[in-house]
Each structure stands twice: as structure tokens, then as C-alpha cells.
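Worksheet: one structure, shown below.
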Amino acid sequence: VQLQASGGGLVQPGGSLRLSCAASGSIFSINVMGWYRQAPGKEREWVATTSGGNTNYADSVKGRFTISNDNAKNMVYLQMNSLKPEDTAVYYCNVRGLGSKGPFGSWGQGTQVTVSS
């Protein structure tokens, strides 16, 4: 199962971006879809996940970011509002589910988000 993330870019503080991630391959079902990020010199950290209609967010993005998904298209999105310089990072999507070869857990290639004036 392959993931393709897109939507990153340069945005001013207070601005918005929407990230998208498409999963492709032989997918029977998806259990969890999520976003993580890694800032320069830091460990990769969890941002948000969606599973079975439930969503969870890291405290640092709660109220500003919204995760959503389209089951029919095997897509997951991250709407990011009120962006701050500390949101600057490479954002990775992660999808876990069941495919033709058994359970899978896949990562996207990452998309750069830079928040700067």
C-alpha cells in the first residue's frame, strides 16, 4: 500500500493550509488514518488520527487543525488553520489497515510545511 501526500508549502503565521494523502494499492479495509510531523532536530510526533468516526488531536494543534477522511477514495486530509511558526515541520500521513497481503501500516513521503513571515 502506497501513500502520496500533498498540500504543503510556505504560509504566513495565522494562515491556513490543507494537506491531502491518498492511499493506493490492494486495500481491503482501513482502521486508522493519521498525521505526524517532524521538525528539524526533533523526533517525529503525532498530530492527529481518525478511526471509526472518532478523531483525536495532540494538545498543540487542538482547536486549530481538523482531520477528516473520505473512505470511498481512501483519502485523509488535515485542515490546518491559525498556523504558527512552531508548526513548521515535514508532515507525514500514516494509514493502517488490512490489504491483500495481510495487515499493513504505511507512511507517506512527507510534505514540508513552513510557517514564516
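The values are calculated or read from the model by the stated rules, or taken from the named source; none is laboratory data. This structure is a prediction, so every number in the text was calculated from the model and none was measured. Here the Cβ positions follow ideal geometry from the backbone for every residue, glycine too, while neighbour counts run over all protein chains shown. All accessible areas refer to the heavy atoms of the entire protein, side chains included, with ligands and DNA or RNA removed. Shrake-Rupley method; radii C 1.70, N 1.55, O 1.52, S 1.80 Å.
Structure above, values below:
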quantity	calculated
Surface accessible to a 1.4 Å probe, per residue, for the residues of the stretch 15-95, Å²	50 Å²
Calculated Rg and Dmax of the stretch 32-80 using C-alpha coordinates, Å	11.3, 37
Student exercise, the stretch 7-117 dipole from Lys, Arg, Asp, Glu Cβ charges, in Debye to nearest 20	140 debye
Cβ-derived FRET efficiency at R0 22 Å, ARG96 paired with SER16, nearest 0.05	0.20
Inter-centroid distance (Cα atoms) of the stretch 47-93 relative to the stretch 95-115, Å	14 Å
Positive-end residue, the chain charge dipole about Cα centroid, Cβ charges, pick of MET33, SER6, PHE104	PHE104
Value in Å of the Kirkwood radius, where the stretch 1-40 supplies the Cα pairs that are averaged	12.6 Å
Sequence ranges 85-95, 106-116, 24-34, ranked by mean other-Cβ count within 10 angstrom, highest first	85-95, 106-116, 24-34
The chain: proportion of alpha-carbon pairs further apart than 26 angstrom, %	16 percent
Reachable aspartates and glutamates, given that their alpha-carbon falls under 13 Å from the alpha-carbon of LYS73 and they are not under 8 places away in the same chain	none
